[in-house]
Amino acid sequence: MKILLDNCMDVRVMRLLREAGGHEVAHARDQGWKDLVNGRLIAAAAAAGFAVLVTVDKNIRFQQNLVTLPLSVFEVDVLLNRFRDIAPMAGHFPAALEQTRRFAFVSLKPDGTIECLAERAWAG
């Protein structure tokens, strides 16, 4: 799966995602998209063939029409955007990423609970 890390994500999360299933992972800054946010970043990522955008931005679900997203958004729901808070959740990444195949928006909670919104019409 081709995964893009949002600008707000720590680059060390790339390794955690690769270990979660051998995914192809890039960071928005490495794509030259450091100034793109929200809808513009999502559009650029989808045009470049990314299937999932990983973020800690809790506003995307309210700012975007989840039904029409051109890719899936995987929100890592942490109180503070710190690697030490995200890393312990890595064991739940494979299950959450699997849900992005079926849902446009997937939120992984610190306890491993996965919230899924906007089921894709072609899914299951």
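The values are calculated or read from the model by the stated rules, or taken from the named source; none is laboratory data. Quick caveat, the model's predicted, so the values are computed rather than measured. Positions of Cβ are backbone-derived with ideal geometry, glycine not excepted, and every protein chain shown enters the neighbour counts. All accessible areas refer to the heavy atoms of the entire protein, side chains included, with ligands and DNA or RNA removed. Shrake-Rupley method; radii C 1.70, N 1.55, O 1.52, S 1.80 Å.
Taken together, the residues in segment 26-42 that are touching a strand residue (DSSP E or B) at 6+ places or on another chain (Cβ under 8 Å) and open to solvent by less than 50 Å² (accessible area, probe 1.4 Å) amount to 5. All told, Gly32 falls short of being in contact with a His (Cβ under 6 Å, 6 or more places away or on another chain) and either among the polar types (S, T, N, Q) or more than 13 Å from Asp6 (Cβ to Cβ) (or both).
Could you give every pair whose Cβ atoms fall below 8 Å, whose first residue belongs to segment 1-12 and is under 16 Å from Ala87 (Cβ atoms) and among the charged types (D, E, K, R), and whose second residue is outside any loop (DSSP other than H, G, I, E, B) and open to solvent by 30 Å² or more (accessible area, probe 1.4 Å), counting only separations of at least 6 or pairs across chains? Every condition considered, the pairs that remain are Asp10/Phe83; Arg12/Phe83; Arg12/Ala87. Taken over segment 61-78, the criterion of being under 17 Å from Arg120 (Cβ atoms) and hydrophobic (A, V, I, L, M, F, W, C) is satisfied by Leu66, Val67, Leu69, Leu71, Val73, Phe74. Checking each residue in segment 59-70 for being under 18 Å from Gln99 (Cβ atoms) and out of contact with any strand residue (DSSP E or B) (no Cβ under 6 Å at 6 or more places or on another chain) picks out Gln64, Pro70. Tell me yes or no: at least one residue of segment 45-58 is among the polar types (S, T, N, Q), at pLDDT 95 or above and under 17 Å from Leu97 (Cα atoms). Yes: segment 45-58 contains one or more residues that are among the polar types (S, T, N, Q), at pLDDT 95 or above and under 17 Å from Leu97 (Cα atoms). Note on segment 1-25: residues that are of a type in the set (Gly, Ala, Ser) and either surrounded by 13 or more Cβ atoms within 10 Å (Cβ to Cβ) or assigned to a helix (DSSP H, G or I) (or both) total 1.
Of the residues making up segment 32-42, those that are touching a residue at least 24 places away in the same chain (Cβ under 8 Å) and assigned to a loop (DSSP other than H, G, I, E, B) number 4.
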